[in-house]
Each structure stands twice: as structure tokens, then as C-alpha cells.
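We did not get these values from a lab; they are worked out from the coordinates using the rules stated. Here the structure is a predicted model, which means the values were calculated and not measured. No Cβ is skipped: glycine too gets one built from the backbone with ideal geometry, and neighbour counts run over all protein chains shown.
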Amino acid sequence: MFRLDGKVALVTGGTRGIGRSCSELLAQAGARVVMAYRGNAEAAQEAVAAIEAAGGQAEAVQLDVADGAAVDAVIKDVTKRLGGLDILVNNAGIARDQLLLRVKQDEIDQTFATNVAGAIYCAKAAIRPMMRAKAGRIINLSSVVGETGNPGQVVYSASKAALLGLTKTLAREYASRGITVNAVAPGYIDTDMTSSLSDEIKEGIVSSTPLGRVGRPEEVAAAVLFLASDEAGYVTGQTIRVNGGMYV
Ligand code: NAD
């Protein structure tokens, strides 16, 4: 079940946190994984080495997803060298949390450039090789707050809601080409992104989560693997919520 042998997968922000778990699990399932990292080359090489040590195939490429020209160049190069691109995981994301009255323009610009425009650039570049192959999988990392909203996360939650619109539209546009497009909406997952939250906020999140604990990156990666697999061939335009029951 859920084998990806012979497939090429690109995971943006793939060397850390949820992206890293996705890269590891897709590689474990047999995919050749390209991890796009923004800046930390050393961490990226360590992530490649870890996958290779576990018997998987991986490489790391530097890519700022907010740079549309760079996205085009990297995806063209990957497709040419590896013979196609079967799976795109739009995982790269940032959070600049503020109440509305404190939000600065550059926080809006940066968040939307990475979380929304970045995902659109990657999807646009990936869709060409997928159309040629008449097959493909695009998986967008949204968030529970894109569906529920959350005080203090006005920009981030708006960007994550935008990804759900993107997911549904692309699902409709490319279904006839054999390409599925879905979203995964995690709840509170233990990663660098959430490590700076105060203990009080963390306790509040856990107490409003029916499963009574925070989630692990591997639990999000498992949903991504399913959506990437042949077994998910009749699933498109959907959101899989991995949130411990926080929003049902
Ligand atoms: P993280 O901060 O640990 O990792 C984010 C990754 O994205 C990093 O590798 C970072 O370098 C990369 N990145 C950021 N901007 C980039 C850019 N412009 N170009 C390329 N890469 C870039 O966060 P995480 O918790 O692993 O989050 C992964 C995804 O899951 C994000 O989209 C996030 O919004 C989403 N998410 C996380 C949680 C959570 O609780 N951790 C909950 C819901 C959704």
C-alpha cells in the first residue's frame, strides 16, 4: 500500500519540521525526493544524508518559493534531470502573528509571497510536466486556522484559507488531465514554527484538542503520503484535517 517507487517528488521547505517528515516518508515509500530549502545548506545536506542512510533517494536544492523565476528554473531543471515531476508538496510557509491593528505591510507581503504566491508559482511550474504525463499530485499545506480563524493570526489564517481556494480551483481545472489537488490542514504540530508559543498558549491548545495532545510531524506526513499515492486516485479538491479533533 502507498508505494511511490519510480516517482519524483518535490517538497518545498522540505528539510525541516513537517516538510522534513514528508520528505522522509515519501522517500521511504520509494519516491526520489527533491527537498527545496530556503537558506540553510548545511541542514539540507544533513537531511539528504539521513534519507540516504535509511536507504532512500534524495537531493536538496536551494529555492525561495517567493521568487517566481527561481521556481520556474528549479522545477524545469528537476523535471529535465529526473525525467518528470509526479508529486508536488507545497509545504513552505511562514507565520507572522499579530492582531489586526499591529499588522505591518511587510508582514502581509512576506506571508502572502511565501504561503500563497509561492504555492501558485510551484503549482504553475509543476503542472506542465504533470499535464505531459497525464498524471500528478499536488498537495498544499493549509492549516486548521484557515478554516476556523484565530485571534492574532489574521494574516496567516487568511493565507491558509487562500490555499483552500487554490486547492479547489486547481482540482477542478486539472482533474481532466489526471492530476489531483488536495490540501492537508494540520492543527497544532510540534515544530520550530510552534516552539516559540508560550506554555500558556500551548496548554490552551491542548485543552481544546479532544485527543489531548499536540500532533507530530509524521502524523501530517502520513496524510500527505496517502494523497500522493495511487490509492488516492479518486480524491481531489479535498482537505484532510490532521488536528486531533480540534476542529471537526
Ligand atoms: P517550520 O517553520 O518548521 O518549517 C517551514 C519550512 O518552510 C522551513 O524549512 C522554511 O525554511 C521553509 N520556508 C519558509 N519560507 C520559505 C521560502 N520563501 N522558500 C522556501 N522555503 C521556505 O514550520 P512547520 O511547522 O514544519 O510548517 C510546515 C507547513 O505546515 C507550513 O506551511 C505551515 O504553515 C503548516 N502548518 C504548520 C502547523 C504547525 O502547528 N506546525 C500547523 C498548521 C499548518
query: Within the range 54-64, can one find any residue that is within 14 Å of the ligand (Cβ to nearest atom), part of a strand (DSSP E or B), within 14 Å of L10 (Cα to Cα) and among the aliphatic types (A, V, I, L, M)?
result: yes
- line: Condition set away from the ligand (no atom under 13 Å from the Cβ) and either acidic (D, E) or part of a strand (DSSP E or B) (or both), scope the range 65-87, selection surrounded by the fewest Cβ atoms within 10 Å (Cβ to Cβ): answer is D77
- prompt: So which residues in the range 135-164 are more than 11 Å from the ligand (Cβ to nearest atom), out of contact with any Leu (no Cβ under 6 Å at 6 or more places or on another chain), under 20 Å from L225 (Cα atoms) and not in a helix (DSSP H, G or I)?
  reply: A135, G136, R137
statement: For the range 165-196, the count of residues that are away from the ligand (no atom under 12 Å from the Cβ) and in a helix (DSSP H, G or I) equals 13
query: Only one residue in T191, T167 is crowded, with 19+ Cβ neighbours inside 10 Å and out of contact with any strand residue (DSSP E or B) (no Cβ under 8 Å at 6 or more places or on another chain). Which one?
result: T191
- line: Checked the range 197-226 for anything closer than 24 Å to R20 by Cα, in a helix (DSSP H, G or I) and of a type in the set (V, I, T); matches are I205, V206, V220, V224
field: Conditions (1) in contact with a strand residue (DSSP E or B) (Cβ under 7 Å, 6 or more places away or on another chain); (2) surrounded by 15 or more Cβ atoms within 10 Å (Cβ to Cβ); (3) not charged (D, E, K, R): number failed by Q45
entry: (2)
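It is to be established whether one or more residues within the range 98-120 are within 16 Å of the ligand (Cβ to nearest atom), part of a helix (DSSP H, G or I) and of a type in the set (S, T, Y).
We begin by selecting, within the range 98-120, every residue within 16 Å of the ligand (Cβ to nearest atom); these are 98, 106-120.
Cutting the leftovers down to part of a helix (DSSP H, G or I) gives us 106-120.
Checking the rest, the ones that are also of a type in the set (S, T, Y) come to 111, 114.
Yes, the range 98-120 has at least one match.
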- prompt: How many residues are among the small types (G, A, S) and under 22 Å from V220 (Cβ atoms) when one looks only at the range 56-111?
  reply: 6
